[in-house]
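Only one structure is covered here, and it is reproduced in the block below.
The values are calculated or read from the model by the stated rules, or taken from the named source; none is laboratory data. As the structure is a prediction and not an experimental result, all values here were calculated from the model. As a convention, Cβ positions derive from the backbone with ideal geometry for all residues, glycine included, and neighbour counts pool all protein chains shown. Areas reflect the complete protein model, heavy atoms only, side chains present, ligands, DNA and RNA absent. Shrake-Rupley method; radii C 1.70, N 1.55, O 1.52, S 1.80 Å.
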Amino acid sequence: INSVLIHQFNYITDKGFPISVAASVITLYAFFAIIAKLVYGFLSERIHIRYLVIVSFVGGGVAISILNYAESITVLYIYAIVYGLTRGAFLLVTPLTWANYFGRTFQGTIRGVATPFNMVASAAGPLFGAWVYDTQDSYFMAFGVFSITFLLGAFFIFLAKPTRRPHAQTNING
């Protein structure tokens, strides 16, 4: 997420769009990211979190591909809406997914183990994007890798078996 957010402004202006368009795309993304939190919060109480994560990841991959091929302001706005609606929910669906798959007892431990990996990825992704741009004078390959990463994430979540709620124990002795 950070990689695209950090590089999208320069990417849009490098494609020849004015600074005002790049700023409006980022603003539109942020607006729909806020909306996504409300929508996914509502949906998470009605739909298994696994499916919401899949939608979120597929949407992120599709949105980055849209950005990668955008040649008009309209397409950039479509990217901002799709990316905002799907990636904006990331901070919501991640802890819900952990809780649904691993229980609530060890949330601190799970976060403690996962956070260093997240931080490394958050730092390395933008550096990778910058390196690709510096060596190829284009973000195209970097955004392609980011898109594929989201789609692979969706695939692996799809493979994860949905959790089953434990059956309540009944007292057969009355």
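Okay, residues lined up against (1) more than 24 Å from Tyr133 (Cα to Cα); (2) in contact with a Lys or Arg (Cβ under 9 Å, 6 or more places away or on another chain); (3) aliphatic (A, V, I, L, M):
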{"site": "Gln8", "(1), (2), (3)": "no, no, no"}
{"site": "Lys15", "(1), (2), (3)": "no, no, no"}
{"site": "Ser20", "(1), (2), (3)": "no, no, no"}
{"site": "Ala36", "(1), (2), (3)": "yes, yes, yes"}
{"site": "Tyr40", "(1), (2), (3)": "yes, no, no"}
{"site": "Ile49", "(1), (2), (3)": "yes, no, yes"}
{"site": "Val62", "(1), (2), (3)": "no, no, yes"}
{"site": "Ile66", "(1), (2), (3)": "no, no, yes"}
{"site": "Ala70", "(1), (2), (3)": "no, yes, yes"}
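The set of residues from the range 1-31 being open to solvent by 30 Å² or more (accessible area, probe 1.4 Å), over 28 Å from Val120 (Cα atoms) and in a helix (DSSP H, G or I) comprises Ile19, Ser20, Ser24. Count of the range 82-98 residues, restricted to those that are within 22 Å of Gly129 (Cα to Cα) and of a type in the set (A, V, I, L, M), is 1. Could you count how many residues in the range 124-141 are over 16 Å from the mean Cα position of the chain (by Cα), in contact (Cβ under 8 Å) with a residue 24 or more places away in the chain and in a helix (DSSP H, G or I)? The number of residues fulfilling the criteria is 5.
Rundown of residues vs (1) farther than 21 Å from Leu91 by Cα; (2) at pLDDT below 95, yes/no style:
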{"site": "Pro126", "(1), (2)": "no, yes"}
{"site": "Met141", "(1), (2)": "yes, no"}
{"site": "Val145", "(1), (2)": "yes, no"}
{"site": "Lys161", "(1), (2)": "yes, yes"}
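Number of residues in the range 40-92 that are closer than 17 Å to Leu151 by Cβ, open to solvent by less than 50 Å² (accessible area, probe 1.4 Å) and part of a helix (DSSP H, G or I) equals 20.
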